[in-house]
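Report on one structure; see the data block that follows.
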Amino acid sequence: MQTLLRRRRRSARTRNARTASIPEKPNRYANGSSDIDKFYRFCTEIKDYTDEYKIHPKRLATTVSRFLDGRAWNYYTHVLTREVQRGKAHTLKEILVGLFDYCFPLNFKEKLQTKAKNFRQGGLDVREYIYKLETLLDLAGINEEKDRVHHLWDGLHVNIRTELTSNKVTTATHTWDQIRHEAEFAEATIELREEAERQKARANKATGIIVEIMVTVMVMVLVIGLLAEMPPLETGTRDQLFKSRLLWMVQWCRLDFTTFESAFL
């Protein structure tokens, strides 16, 4: 009985592991929509899907076609099918770039080139920024290494570029992959430095609060001592009483502060 239960547990764990490893199917790219955000999403999902299943290059076109509709499906039947019949093996990048050229207007690539030129990191981390920029450059047909490197550099945060420059990293001496690696390292370095500065600021703030508390306690001690040792009221005019009491308070504070200074400072 125990052996049977162990087998069932092992079988359940195996099924759960298989289920966890199965990637989600991409959303269908319907009707060749020229919405660039939908196209980005399809590119990301189909890449994850084909990478997870390790699709052979000769099967990539057929696999991608299962998630195409409308004009996008026409691209497969009119273009890809003929190339596959001639024995051509496609990379996923070739398929997606061809799909883009088939579905989007001719002047759309020019718009993407302008968008790539103005694309900035913004609130993205370095990895996410580089992935989106790389996809944008591929779709815009910007393939020269030098041009891609300049786009990458120009869009990075100023503080990251400053860090790279201090490490003698430049677009003239480093490749795309080298700058990407150095930018990720620079981002991590800047985050650690900023966290150290935040901790220092919190420590300084705590010290300031402690000093304020100490000063408040000192004032309270002085006031209590003043009230306890204040002499009784004397006869005289109102102005005379005020002046004598004020003179006494000044003398008392001087004496008490001298005593405090000698005892604690």
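Could you check region 178-215 and list, in sequence order, the residues that are of a type in the set (Ser, Thr, Tyr) and in contact (Cβ under 8 Å) with a residue 12 or more places away in the chain? The answer is THR189, and nothing else. Within region 64-74, if we keep just the residues that are in contact with a Ser or Thr (Cβ under 9 Å, 6 or more places away or on another chain) and of a type outside the set (Val, Ile, Thr), the residue that is nearest to LYS47 (Cα to Cα) turns out to be SER65. If we scan region 116-129, do we find a residue that is open to solvent by 20 Å² or more (accessible area, probe 1.4 Å) and among the hydrophobic types (A, V, I, L, M, F, W, C)? Checking region 116-129: at least one residue is open to solvent by 20 Å² or more (accessible area, probe 1.4 Å) and among the hydrophobic types (A, V, I, L, M, F, W, C). Residues in region 150-177 that are within 14 Å of ASN118 (Cα to Cα), part of a helix (DSSP H, G or I) and open to solvent by less than 60 Å² (accessible area, probe 1.4 Å): HIS151, LEU152, TRP153, GLY155. Looking across region 116-175, the residues that are of a type in the set (Val, Ile, Thr) and over 30 Å from PHE104 (Cβ atoms) come down to VAL158, ILE160, THR162, THR165, VAL169, THR170, THR173. Scanning region 67-87 for residues that are under 14 Å from LEU99 (Cα atoms) and surrounded by fewer than 13 Cβ atoms within 10 Å (Cβ to Cβ) yields a count of 2.
LYS132 satisfies every condition listed in (1) open to solvent by less than 40 Å² (accessible area, probe 1.4 Å); (2) in contact (Cβ under 8 Å) with a residue 40 or more places away in the chain; (3) touching a Phe, Trp or Tyr at 6+ places or on another chain (Cβ under 8 Å); (4) of a type outside the set (Phe, Trp, Tyr) except (1). Looking at region 28-35, can you tell me whether even one residue there is part of a helix (DSSP H, G or I), open to solvent by less than 50 Å² (accessible area, probe 1.4 Å) and modelled with pLDDT under 85? Yes, that holds for at least one residue. Would you check which residues across region 43-60 are open to solvent by less than 100 Å² (accessible area, probe 1.4 Å) and either assigned to a helix (DSSP H, G or I) or more than 11 Å from THR91 (Cα to Cα) (or both) and list them? Within region 43-60, CYS43, THR44, GLU45, ILE46, LYS47, ASP48, TYR49, THR50, ASP51, GLU52, PRO57, LEU60 qualify.
So how many residues does region 61-101 have that are of a type in the set (Asp, Glu) and assigned to a loop (DSSP other than H, G, I, E, B)?
Narrowing region 61-101 to residues of a type in the set (Asp, Glu): 69, 83, 94, 101.
Remaining after also requiring assigned to a loop (DSSP other than H, G, I, E, B): 69.
Of the residues in that region, 1 qualify.
Out of TYR102, TYR49, TYR76, I need the residue that is more than 31 Å from the chain's Cα centre (by Cα) and at pLDDT 90 or above. Which one? Answer to the check: TYR76.
The values are calculated or read from the model by the stated rules, or taken from the named source; none is laboratory data. Just so it is clear, the structure is predicted and the values come from calculations on it, not from any experiment. Note that we place each Cβ from the backbone using ideal geometry, even for glycine, and neighbour counts take in every protein chain shown. Just so you know, the surface numbers come from the protein's heavy atoms only, side chains and all, with ligands and any DNA or RNA stripped out. Shrake-Rupley method; radii C 1.70, N 1.55, O 1.52, S 1.80 Å.
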